[in-house]
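Heads up: the structure comes next, in structure tokens.
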Amino acid sequence: MTQALTIDRITAHYGTTKVLEDLSLSVAEGELVSLLGASGCGKTTTLRLVAGFLQPTAGAIRLGDKDLTRLPAHQRDIGLVFQNYALFPHLTVRENVAFGLKQRKVAGPERLKRADAMLDRVGLAHLADRLPGALSGGQKQRVALARALVIEPPLLMFDEPLSNLDAKLRIDMRVEIRQLQRANGTTALYVTHDQEEAFSISDRVAIMHQGRIMQLDTPEVLYQRPANAFVANFVGFENLIPLQVTTRNGAEITARTAEGAALTLSQDQLGPIPDAFTLATRPDGLQVTATGGAGLPATLGLRTYLGRAYQYQARAGALSLTANGPLSQPLDPGTAVTLVPNPEQCAILKPE
Amino acid sequence: MKRLAGWMLASPATLAITFLLVIPVAITVGLSFGSPGQGDWGIVQPYADFFASGFRRNVLWRTFTVAGWVTVISLAAGLATAYVVARCPPWMKSTLIVLAVFPLLTGVVVRSFAWLVLLGREGMVNQVLQATGLTDGPVAMLYTQGAVIVAMVYIFVPLMVLVLVGVLENIPEDLLQASSSLGAGPVAGFFQITLPLAVPGLIVGAVLVFTASFTSYATPHLLGGTRQMMMGTFLQQRALVAFDWPGAAVVAAIMLAVIVATVLVMTRVARRLNPMAT
């Protein structure tokens, strides 16, 4: 029933503006892949192309072995959950859920039985006779989910489904979405701009920027081993330190910044390191130590209080860095320190 | 203090409506009733007289027929036009709306004279029909029920378009995308989503057109003549030609009753078709 989705080198335009270029992506059977990025990155466009609301100017979209590219939207058999729910306001909750079955000519009693069973699964059986206008945001989204699931689609798609809900509900709902998707084993494509949401429920995440996929991998790999500066920045590696290898001693290498500050790194920990590279760290991965040791000599600037640590804006030569220091000793602006990257929280970016 | 200010602000309009509408209507309705001891029917004797007359029943029935046809045709034509207009890009939409509303910019008398020129025995339509050999002699079009209906449809379609474009534009695109993702083709989507959601607009349009054509005077007077008398023209004849004020008051009261009933029935129908509509 469930099928793999293949997006094969699609290009799309809005008028004469190119919004997607040569984008390829595959979602395996039963897998949940998220498209993550800021607005305008092309994630919603990709979803609209798969749904059939927009035609690609080049490339193909396949579901299993069926070519969807030229198929009208209503023949694609895709369950779609919208950001603003898109419930039919003139139909009751039950009629909303049964709508897809009605189009499939499922007989009346059978239709109601299946709609009620699905409403029961999302915990809304008691609201079946209400109109959508009488429901809360979370309830509406559950109805939208039930409506998309009841047609047992080979592919489910979500367009920012939780962004109109409050924070607490958002977490409950994403767990629920993941459980239902897992239980049905449905292939799913999930569009969101919320990193935590994407990482928490996806098997794989595609980080998108300007109509291209910057990196597509498991959340763990994206979070720990970003492939490029954009993704590194996106997942919170705020410090990008360009370095040049000066000596190699087995797995140990020594690299210097443009100003000549030397860092010693281990390829055992960080993987193979090319001669020219960028060391990316999060603020937590840059330790503030007294001057003199090995590391980047820097001068502290503004201090902000994070609750679990102090955060400092620091300058090391031409580099602006962000580092977190312990609560036990607040340091004043102007203090000279040495910043030491913690290799466990670093990533190596190859030159692009 | 605040309440007093509210009453003061509302008073000019309230007074105007009371003296210029409520009281005259009350007087008219009062005038339509007979005296208690009179005839078999007592105070409703004038109404019994009205319905006893075949000619008057005919006028009432004709008015219903004409208003009904005008409403149905305007609804269909208006909905089709509005559906196309609502889907146009914005610049084209405003152009099309201005064009659609054009007929409303001419006065009713001028418009009716234009129809006289078009539909008369020597009119343009007859000339074209004969020149193309579709008919041998002139066809009588003026002073028929058809002429009245055509002329009224011409003026009410723009009104309907105006009402319906707004309603159709307010139906979120998402809903149609949702319906197509659930397997509804364009036709199924139209009948199951667009049409039910347009019901409030269709009702408003239908009530407007029905009441306006039921009570119209100038068009049936100029294009229908005395043979196609409608309630409006009959009322004018009773009041200003025959000076039969009680008779005219009966006609007026019946028209009022029909209109109020229409509004009530339509609101109920709307609620039945679309529970959202109020």
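The values are calculated or read from the model by the stated rules, or taken from the named source; none is laboratory data. For clarity, every value in this text was computed on a predicted model and none was experimentally measured. As a convention, Cβ positions derive from the backbone with ideal geometry for all residues, glycine included, and neighbour counts pool all protein chains shown.
Considered as a group, the residues in segment B:107-150 that are among the small types (Gly, Ala, Ser) and outside any loop (DSSP other than H, G, I, E, B) include one that is surrounded by the most Cβ atoms within 10 Å (Cβ to Cβ), and that residue is B:Ala147. Among the residues of segment A:124-156, those identified as within 11 Å of another protein chain (Cβ to nearest Cβ) and touching a residue at least 40 places away in the same chain (Cβ under 8 Å) are A:Leu131, A:Pro132, A:Gly133, A:Ala144, A:Arg147, A:Ala148, A:Val150, A:Ile151, A:Pro153, A:Leu155, A:Leu156. The set of residues in segment A:104-132 that are under 31 Å from the mean Cα position of the chain (by Cα) and within 22 Å of B:Gly189 (Cα to Cα) contains only A:Pro132. Name the pairs whose Cβ atoms lie under 9 Å apart, with the first residue in segment B:139-160 and more than 20 Å from B:Leu202 (Cβ to Cβ), the second modelled with pLDDT of 90 or more and assigned to a loop (DSSP other than H, G, I, E, B), and 6 or more positions between them or separate chains? Between residues of segment B:139-160 that are more than 20 Å from B:Leu202 (Cβ to Cβ) and residues that are modelled with pLDDT of 90 or more and assigned to a loop (DSSP other than H, G, I, E, B), the close pairs are B:Val148/B:Ser216; B:Val148/B:Met230. Please work out which residue is surrounded by the most Cβ atoms within 10 Å (Cβ to Cβ), limiting yourself to segment A:49-107 and to residues that are within 10 Å of chain B (Cβ to nearest Cβ) and in a strand (DSSP E or B). Here the answer is A:Leu80.
Of B:Val187, B:Val153, B:Val167, B:Val163, which residue is farther than 30 Å from A:Val150 by Cα, within 14 Å of another protein chain (Cβ to nearest Cβ) and either not in a helix (DSSP H, G or I) or not small (Gly, Ala, Ser) (or both)?
Working: B:Val187 fails: farther than 30 Å from A:Val150 by Cα; B:Val153 fails: within 14 Å of another protein chain (Cβ to nearest Cβ); B:Val163 fails: within 14 Å of another protein chain (Cβ to nearest Cβ).
One residue alone meets the criteria, B:Val167.
Quick one: is B:Gly185 at positive phi and either of a type outside the set (Phe, Trp, Tyr) or within 13 Å of the chain's Cα centre (by Cα) (or both)? Here the answer is no, as B:Gly185 does not meet what is asked.
Could you say whether any residue in segment A:149-170 is over 23 Å from the mean Cα position of the chain (by Cα) and assigned to a helix (DSSP H, G or I)? No, segment A:149-170 contains no residue that is over 23 Å from the mean Cα position of the chain (by Cα) and assigned to a helix (DSSP H, G or I).
Taking A:Ala314 as the residue in question, decide whether it is closer than 19 Å to A:Ile241 by Cα, among the aliphatic types (A, V, I, L, M), assigned to a strand (DSSP E or B) and touching a Phe, Trp or Tyr at 6+ places or on another chain (Cβ under 8 Å). Here the answer is no, as A:Ala314 does not meet what is asked. Of the set (1) within 12 Å of chain B (Cβ to nearest Cβ); (2) closer than 21 Å to A:Asn184 by Cα; (3) without any contact (Cβ under 8 Å) to a residue 40 or more places away in the chain, all apply to A:Glu110 but (1). Screening B:Pro246 against (1) of a type outside the set (Val, Ile, Thr); (2) within 14 Å of another protein chain (Cβ to nearest Cβ); (3) more than 21 Å from the chain's Cα centre (by Cα) leaves a single unmet condition, (2).
In this structure, is A:Asp194 at pLDDT 95 or above, of a type in the set (D, E, K, R) and within 30 Å of A:Glu21 (Cβ to Cβ)? No. Total residues in segment A:215-244 satisfying the condition of being without any contact (Cβ under 8 Å) to a residue 24 or more places away in the chain, among the aliphatic types (A, V, I, L, M) and surrounded by fewer than 18 Cβ atoms within 10 Å (Cβ to Cβ): the figure is 1. Of the set (1) farther than 26 Å from B:Ser213 by Cα; (2) in a helix (DSSP H, G or I), all apply to B:Gly39 but (2).
Residues that are within 14 Å of chain A (Cβ to nearest Cβ) and closer than 30 Å to B:Arg62 by Cβ: does segment B:125-134 have at least one? No - not one qualifying residue is present in segment B:125-134.
I'd like to check something: does segment A:322-343 contain any residue that is exposed (fewer than 12 other Cβ atoms within 10 Å of the Cβ), within 15 Å of A:Arg256 (Cα to Cα) and either touching a strand residue (DSSP E or B) at 6+ places or on another chain (Cβ under 6 Å) or in contact (Cβ under 8 Å) with a residue 24 or more places away in the chain (or both)? The answer is no; no qualifying residue exists.
Counting the residues of segment A:1-21 that are touching a residue at least 60 places away in the same chain (Cβ under 8 Å) and not hydrophobic (A, V, I, L, M, F, W, C) gives 4.
Just for strands (runs of 3 or more DSSP E) wholly inside segment A:171-264: which have at least 3 residues that are within 15 Å of the chain's Cα centre (by Cα) and farther than 25 Å from A:Glu352 by Cα? Give the steps one after another, and end with the answer.
Values: elements: A:187-192, A:204-209, A:212-217, A:239-249, A:252-256.
Passing ranges, in order: A:187-192.
Looking only at segment A:165-211, filter to residues that are within 24 Å of A:Gly52 (Cα to Cα) and among the polar types (S, T, N, Q); which one of those is surrounded by the fewest Cβ atoms within 10 Å (Cβ to Cβ)?
My answer is A:Gln210.
For segment A:294-321, the set of residues classified as in contact (Cβ under 8 Å) with a residue 40 or more places away in the chain and surrounded by 11 or more Cβ atoms within 10 Å (Cβ to Cβ) consists of A:Ala294, A:Gly295, A:Leu296, A:Pro297, A:Ala298, A:Ala316, A:Gly317, A:Leu319, A:Leu321, listed by residue number.
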